[in-house]
Structures are given as structure tokens and as C-alpha cells.
1. Using only DSSP helix segments of four residues or longer, with each worth -39500 (n - 2.57), what per-residue ellipticity at 222 nm results for the chain after dividing by its residue count and rounding to 500?
2. Can you work out the PRE-style zone for Glu186? Point 7 Å along Cα to Cβ, and I want the residues of the stretch 256-282 with backbone N under 14 Å.
3. Return one quarter of the surface area of the convex hull spanned by the alpha-carbon atoms of the chain, equal to its mean projected area, in nm².
4. Looking at the chain, send over the antiparallel percent of its DSSP beta bridges, to the nearest 5.
5. Under 9 Å from the Cβ of Arg138, count the other residues' Cβ atoms, weight Lys and Arg +1, Asp and Glu -1, and hand me the total.
6. Could you tell me the accessible area of Phe244 in Å² (1.4 Å probe, neighbours in place), rounded to the nearest ten?
7. Give the relative contact order (percent, whole number) for the stretch 101-238; include only Cα pairs under 8 Å separated by 6+ residues.
8. With a cut-off of 8 Å between alpha carbons and a minimum separation of six or more residues, what is the relative contact order of the chain in percent?
Amino acid sequence: MRALLIVNPNATTTTPAGRDRLAHALRGRLALTVAHTTHRGHAAELARSAHADGMDVVVAHGGDGTVNEIVNGLLGPSPDRGADPTLPRLAVVPGGSANVFARSLGLSADPLEATEQVLESLQEGRTSRIGLGHCDGRWFTFNAGLGLDAQVCEAIDLSRAEGKKVTTARYVRHAVARFFASKRDEPALTLEMPGSEPVSGVHYAFVSNSSPWTYLESRPVHTNPGTSFDTGLGVFAMTTTRVFPSLRVVRQLLAARGEPASPHLVRADDVARVRARASRPIGLQVDGDYLGLRTEVEFVSVRSILDVVAPR
């Protein structure tokens, strides 16, 4: 079985020694080629080359951003397509800070444990065909959003550019700071979903392709517990920034079996598409990557589009 290991050497938790151990473990059972990314977009280029070269598997070792690049490299910009059996299967060995996609597949956050899970799954032929989300010419594997979370992703990108380590504590600090900084802003978003009246007065909206929405260290954060890789998209949108109603919803997000509900929350766990219109430019992120300001975005669910290597 031929495999390309795509490594982001700048990912948060990767180390030279860890990368060597990973490559050694994979070489024991796969005909392995290793490539290190050197610039933004390089992982997408390598993924396209892997497809052209007839590779059986692409193994991503990096964070969620690296995985997102590989997925977009494999699938291209258009959502108007079906599953392609000639594409390499995607396997993930976590190397970032949150590793939301890998953990949502059931993989361990520990790279060596995840490697064993991947190899065992390949040996037993365990592959899952999952659905993805699409917006703004980009695929996303676990979440996208307009407003608050995009502002946090932008702040994290700036911190990373300044050489600061990306940690859960830093995410939380930026989230709290951005929440209070935008607290007096008028709501800018209107959401349109099939079979429902448009909802206006929305301050920020999260769109999920799986659950959990993210992790705080080992604690999962569930915005849409009914959303999975086999359903449509989950929508979670708040129509208030008042502190106490917001805190009540946050407490539900962190509960082990929480079902977020509030008079100020717009939530749907299985929608085919959602269109967001903004009265002023508002930030957009996909899989933690800040894309810039937008005034209109359509999020689309594309079912059964990508083959991934996942544990039972």
C-alpha cells in the first residue's frame, strides 16, 4: 500500500523526534513517502500530487489547518461533485493544538496511539465515507462560523505570527475579550434555512459538520449534539450578547449530555444548507482558518464525499 505522509513541521505539538518515530512506524507497514510543508497551501499541492501519482493513502500529520488544506487539495473548489473512488483515503495523525477533526473520528490525541489506530484500521480495511461542509469555495471538515469565532481565529492567527504558542488558555482569553469588545455592536446577520422563515437579529453563527464543535483540552464542547459526519449541517446562532443568557448557554455547551436551548438561541442539527446575509462585513472562518470579511455566505452540506481511515 503506497502512502504519502504530509507533515507540517510548524504544527503546535509536532517535534523532530516524534516525526521520526511516526515515519518509522508507518514505514514498517506501508510503502511510505514523506513530504514536509514549507508554505501556506503546500499541503493542498502535495495532496493533488498524491492523487495524480496514484497514492492509496494520504496521512496528515499536523493540526486542523493542515487537514483542511489536504481535503481542499483532494476535492477542489466546487461542491457540485460526488465521491471519487480514485482519490487516496485520508488518514490523520494529530499534531496540532485542538485536533478537532481527528478526535471527532475517534482517534487518540496522542500521535503514537493514533498511528497504531490508523495502521490497525488500514490492515482491517476500515474506511468511512463521510460528509463535509462547503462555503465560500472551501470545504470544511468540522466547523465554520461568522462573527465571534472568526474574530477569535483572526486573533489567534496574529498571535501565531508573533511567535506566541497556541494554547487552550489563549483561545479562551481571546474569546472572552472579543465577546466583550463586540457586546455593544448591533446584530448584523440574517439566516435563511430551508423550510423556515428567515431569522434576523443574529450576532454570530456557528455552522458544524460534526459534534463536538471543538475541545477545551479534553473537554468536548457540543453546540449541535445531533450533528455528525452522516447528517446535514448544524446551525447554532445567538440573538443576544447579554452576559447572563450567554453564560447559561455556555454552561449547556460544556455539559456532558447537554442539549443547548434558549429563547435567544437559533439551533438546527440537520440542515442541507444555510445562507447568511450580513448588513455589514463580518468575519468568516473555516476549520479555524480566518478567511476575511464577508457580507453573504452560503453553507452547504455535501454527504458521503470523502473516504477516511477511522477506528471502529
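1. So the calculated ellipticity at 222 nm is -9000 deg cm²/dmol.
2. 278-281
3. Mean shadow area of the hull around the Cα atoms is 15.0 nm².
4. In the chain, DSSP labels about 70 percent of beta bridges as antiparallel.
5. Net charge in that neighbourhood comes out at -3.
6. The accessible area comes out at roughly 150 Å².
7. So the answer I get is 23 percent.
8. Normalised by residue count, the contact order of the chain is 21 percent.
The values are calculated or read from the model by the stated rules, or taken from the named source; none is laboratory data. Given the structure is predicted, the values throughout are model-derived calculations rather than measurements. Using ideal geometry, Cβ is built from the backbone for each residue, glycine included, and neighbour counts are taken over all protein chains shown. What goes into the accessible areas is simple: the full protein's heavy atoms, side chains included, and nothing from ligands, DNA or RNA. Shrake-Rupley method; radii C 1.70, N 1.55, O 1.52, S 1.80 Å.
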